[in-house]
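Worksheet: one structure, shown below.
The values are calculated or read from the model by the stated rules, or taken from the named source; none is laboratory data. No experiment lies behind these values; they were computed from the predicted model shown. Every residue, glycine as well, gets a Cβ built from its backbone with ideal geometry; the counts of neighbours run over all protein chains shown. Accessible surface areas use protein heavy atoms only, side chains included; no ligands, DNA or RNA. Shrake-Rupley method; radii C 1.70, N 1.55, O 1.52, S 1.80 Å.
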Amino acid sequence: MTELPESTVLASDYFHTYSVVGLLAVIGVLFVAVAFGAGRLLRPVVPTPEKLLTYECGVDPVGEGWAHTQVRYYVYAFLYVIFAVDSIFLFPWATVFAAPGYGATTLVEMFIFLGFLTVGLLYAWKKGVLEWT
């Protein structure tokens, strides 16, 4: 009986793992497609003028559909996202920082990252974005 070389066995195991992932992805896509198809086939379709009306928060629309929004609110949201990403970055950084041989490298990476955040915050402060009027 002929034995397969070790590299062939390893490649077979490697691609078997990906075939399982691919099969699960196909099953997931089929599940979603069947759910949407069943919803489309089973739902009642009775269009009325009320159903075709633009609707938000239970209030019928009055006036134009265009509303002015202060850009300041978007900037505050953007600054929040920046600092949320910073706080999320701190957890893996702290675990790698404790590992032997990575202390100096991760410390430099963190200071570079904090430098980018500081430059962004200083820019927003200089532009007067952080002043609430």
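Brief remarks follow.
- Per-residue SASA entry for Val108, accessible area with 1.4 Å probe, Å² rounded to 10: 90
- Cβ-derived FRET efficiency at R0 25 Å, Ala94 paired with Val119, nearest 0.05: 0.60
- For Ile27, the solvent-accessible surface with a 1.4 Å probe is about 90 Å², rounded to the nearest 10.
- Accessible area per residue (1.4 Å probe, heavy atoms of protein chains only) ranks Thr105, Thr48 as Thr105, Thr48, with the largest value leading.
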